[in-house]
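> For reference, the structure I am asking about is given below.
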Amino acid sequence: MDVTGESQIDVEHNIYKERLDLEGSPLEVPEKEDIGDKSLQIVESLKLSLNESRCESCYGAESPALKCCNTCDNVREAYRKKGWAFTSPGEIEQCAREGFTEKLEQQQNEGCHLYGNLEVNKVAGNFHIAPGRSFQQHHVHVHDMQAFGNTKFNMTHSIKHFSFGHDYPGIVNPLDHIHVLANREQMMFQYFVKIVPTTYVKLNSSVLSTNQFSVTTNTKAVTSSFGEQGLPGFFMMYEFSPMMVKYTEEKRSFFHFLTGVCAIIGGVFTVAGLVDSFIFHSAKIIQKKIELGKAS
């Protein structure tokens, strides 16, 4: 969602998600998933030969817009529109047929690896990574956490690389190679990012338009999975600075190099002279003391 209040649903992205076990080893091939509102998508019948013209029950949640619920997602959508809690997927025939409960059990005690890139509008906004299926309800972005019951989430995470745009020589991304340990369950990690547009002009006169940023963090424990207390997850709030930084690569001239060499040579001679003077005077003082000792 950007600062204008517009929620970006079908964003352009190249983000892949990979399931990991407790040791951090991959469990399956990374998959690219759609980002945004999936509430209106209809899931096809999985692998069972069912009559396509069938009309299965919505278990009392039928509506003029959704009279038949042939899949588990259809039932969940019907419940959501009614405002009902979806707490017993095992008792729903469609969910039992599609193995909904088994999928949730298989994904317990797992983590995930996300990588890729995401295009956002060049205005202040935010994005987040959080558990649960997301959808829009009355122009509000909501995460459906009912399927997880009382599951507590460990939001410990590591960031290998995070940037807004391409890197240039000497850039420092403050979120690279960090590991954040959640010392409690149901933690919300907030990152407040200030982005500075940056232009880097190379020796060949090619121009790289990118960004650098600074970040401040805030963490808190949420007491429930939804509501005013917040949502466990990783939240990135960013805004752009009105200033711009420009770097230009330049070659040093021969005279600049020559001046540097002369300065180095002059410094060596000066230091050598100081060392020589120190040794000479020290030896002279010691020699005088020796002569005075013999005289006495």
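> With all protein chains present, calculate the accessible area of E291 using a 1.4 Å probe and round the result to the nearest 10 Å².
E291 exposes around 100 Å² with every protein chain in place.
> Using only the heavy atoms of the protein chains and a 1.4 Å probe, how would F269, F213, F280, F153 rank by accessible area, largest first?
Result, largest first: F269, F280, F153, F213.
> Pop out the carbon and sulfur fraction of the accessible area of the stretch 196-286 as a percent, whole number, probe 1.4 Å.
66
> Given H placed 1.01 Å from N in the peptide plane, which residues other than close sequence neighbours of I178 have an amide H under 5 Å from its amide H?
I159
> Please list V275, V193 in order of solvent-accessible area, largest first, computed with a 1.4 Å probe with all protein chains present.
From most exposed to least exposed: V275, V193.
> What nm value, rounded to one decimal, do you get for the distance between A221 and S253 when each label is placed 7 Å out toward the C-beta?
Going by the 7 Å Cα→Cβ label model, 6.5 nm.
> Here is a further query. Tell me, what HN-Hα J-couplings in whole Hz come from the Karplus equation 6.51 cos²θ - 1.76 cosθ + 1.60 at θ = phi - 60° for each residue of the stretch 65-75, using x for Gly and Pro?
These are the phi-based 3J(HN,Hα) values: 7, 9, 8, 10, 10, 8, 10, 5, 5, 4, 5 Hz.
> Another question about this same structure. Rolling a 1.4 angstrom probe over the protein heavy atoms, how many square angstrom per residue are accessible across the stretch 163-296?
I get 72 Å² per residue for the stretch 163-296.
> Take the residue pairs K152/K220; K194/K246; K17/K194; K202/K251; K194/K251; K32/K67 and return only those whose Cα atoms are more than 20 Å apart.
From the list (K152/K220; K194/K246; K17/K194; K202/K251; K194/K251; K32/K67), the Cα-Cα distance tops 20 Å for K17/K194; K194/K251; K32/K67.
> At 1.4 Å probe size, what's the solvent-accessible area of L181? Round to the nearest 10 Å².
120
The values are calculated or read from the model by the stated rules, or taken from the named source; none is laboratory data. Remember, predicted model here, so these are calculated numbers, not experimental data. Cβ: placed from backbone, ideal geometry, glycine included. Neighbour counts: every protein chain shown. These area figures cover heavy atoms from the full protein model, side chains too; ligands, DNA and RNA do not enter into them. Shrake-Rupley method; radii C 1.70, N 1.55, O 1.52, S 1.80 Å.
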